Every structure is written in C-alpha cells, then in structure tokens.
Amino acid sequence: MLFQIQSYLKFLWHSKNEHAVHSPFVFSLLTKCFYDKKSKPEYLILKKYRKSLLENKNFIEVTDFGAGSKVFKSNRRQVSKIAQTAGISPKRAELLFRVTNYFKPENILEIGTSLGLATSALALGNPKAKVITIEGCPNTANVAKNQLTEFDCNNVENVISEFESFLISENIQAANYDLIYFDGNHSKKATLEYFELLLPTINNDSVWIFDDIHWSEDMEEAWEMIKTHPQVKVTIDTFQWGFVFFRREQPKEHFIIRT
C-alpha cells in the first residue's frame, strides 16, 4: 500500500492534462475521448450490469492460478462480494467504453474476464466488434457468460483457459487484434510474457491497455520495459492504466495524463 501511495504522489507531480500535449493524435484522444463528459445511454446498461452482480447472493467456487498454470487457491465466494472487490470501477468502465467507441476496433481480446464488467464495456463500445475474453476459473467465467447474454452483449466469445496456454496456441499467433485489454496476471514476468507472445498480432492502429501498471515495483519495471520496446511508439500513463500504441508514423513519446 505504501508503495502505491508513493507512486501515486509521484504520478500527480509529473502528470499533465491536454493543455500540455502537443501531439495531435494524443490531444484528440484526450479531448474527444478521455475528457468527454457527455452522458451515454450505454452507461445505464453498465450500471445495471454491475447492480445485477452486486445483488447476486449465490456462492461459487473460485479458482486462482499461479505460475505454470498451477492452482494455488480455491475457495467459495459470494458473487456480490467478488463484484465489490474484483473487476473494473464504474468510472473506468465508462472510460473503457469511450476508448472502444472512439477507436472502433473490430477484433478485441481481453485477458481476464472475471465477472465481465470490463467485457461489457468493450462489447458495448463497438457492438460490431468480435470480443474474445479469456478466464481461467470456469465458475467465474460462467457467471460472466450468463450476465453478458442477459444484457445482450452478443458479440462476445467466452474462452475458459489458462492465459498462457491460450496465448501460445497457433490461432493466437496468426490473429490480428485492434485492441487488447490486459487484466489477468499482475506480475512482471507474466505481463512481459503476454506482451511478447501477442506482439505478432498487432497492426499499426492496435491499442493495448495494461491494468495496474503501478501495482507493485515489479509491475512498474514491466511498464518501463514495455515503454522502451522498439516497436512501441506512444505510451500514456493514467496511473491505473498504461496505454500502448504502435503507430509507425508517430515519434516515440511518453505521456503522463490525469483522467
């Protein structure tokens, strides 16, 4: 906790808003997407989706995985309690919706479904997109699948798999993703492994979003390595999220932005 507080104070000291940004690409993203305060009808759907989970008193067996796909923890938890502590916040869900709506990605990959709170934002952001979401715990994935069906997020394919096993498959290497949301394993080793495994799937306009880049010293180290990778051109640090862009026409720049 102390590390995160120190990181946040450092972030606040260095962060800027749109007035300090001279990149047309980033300025447009901030003013037309990040800082868009207009209400959207989809926000109500996201709110109802969350409320439905918070009212779900059923218990499920939740399995977490450690290194090498080994189960390291399994326990019974109430769905409502999971919804309170896991997944994306309401504010971040709305931002993720806006980002998806802004870029209009056709093929989306989410690593870490949990209860589908972020998945619903991705699906609603572009209903014409194909969203593939991966979750290692079958029971959690089934709750998310039922929720997404109930809220007419019919453009989502739910995959139950350990993340690395899915990413090393032949199909993933041959795929092309316009947006990837990384929210599965908040460790340096796993984050960098996923980064390398998914690099063959990028195109010039791909958008990658890494969750919890300041979660730990290890995650900050992973984020620094991602920023300096030669194929990465533009990165945006919003403290909780790290945005990565591969646009060859852009000069290599890093931005620390308040949202």
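The values are calculated or read from the model by the stated rules, or taken from the named source; none is laboratory data. Small disclaimer: the values here were computed from a predicted structure and weren't measured. Ideal geometry is used to build each Cβ from the backbone, glycine not excepted, and the neighbour counts take in all protein chains shown. Side chains included, ligands, DNA and RNA excluded: accessible areas come from the protein's heavy atoms. Shrake-Rupley method; radii C 1.70, N 1.55, O 1.52, S 1.80 Å.
A few notes on this one:
- Those residues of region 23-52 which are touching a strand residue (DSSP E or B) at 6+ places or on another chain (Cβ under 9 Å) and either polar (S, T, N, Q) or more than 29 Å from residue 114 (Cβ to Cβ) (or both), in sequence order: 23, 25, 26
- Taken together, the residues in region 46-77 that are polar (S, T, N, Q), surrounded by 14 or more Cβ atoms within 10 Å (Cβ to Cβ) and at pLDDT 95 or above amount to 2.
- Residue list for region 28-45, filter: of a type in the set (S, T, N, Q), open to solvent by 50 Å² or more (accessible area, probe 1.4 Å) and in a helix (DSSP H, G or I): 31
- Lone unmet requirement of (1) open to solvent by 30 Å² or more (accessible area, probe 1.4 Å); (2) of a type in the set (D, E, K, R); (3) touching a residue at least 24 places away in the same chain (Cβ under 8 Å); (4) out of contact with any Ser or Thr (no Cβ under 8 Å at 6 or more places or on another chain) for residue 152: (3)
- Near pairs, Cβ below 6 angstrom, 6+ apart or cross-chain, from region 30-59 (in contact (Cβ under 8 Å) with a residue 24 or more places away in the chain) to any residue that is open to solvent by 50 Å² or more (accessible area, probe 1.4 Å): 33/102; 34/259; 43/94
- Checked against the criterion of being surrounded by fewer than 23 Cβ atoms within 10 Å (Cβ to Cβ), modelled with pLDDT of 95 or more and charged (D, E, K, R), the candidates 106, 110 yield just one match: 106.
- Search result, residues across region 237-259 that are of a type in the set (A, V, I, L, M) and closer than 21 Å to residue 200 by Cβ: 244
Yes/no per residue for (1) assigned to a strand (DSSP E or B); (2) acidic (Asp, Glu); (3) open to solvent by 30 Å² or more (accessible area, probe 1.4 Å):
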| site | (1), (2), (3) |
| --- | --- |
| 185 | no, no, yes |
| 190 | no, no, no |
| 193 | no, yes, yes |
| 196 | no, yes, yes |
| 204 | no, no, yes |
| 209 | yes, no, no |
| 223 | no, no, no |
| 227 | no, no, yes |
| 230 | no, no, yes |
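- Test: residue in region 187-205 that is of a type in the set (D, E, K, R), over 30 Å from residue 55 (Cβ atoms) and in contact with a strand residue (DSSP E or B) (Cβ under 9 Å, 6 or more places away or on another chain): yes
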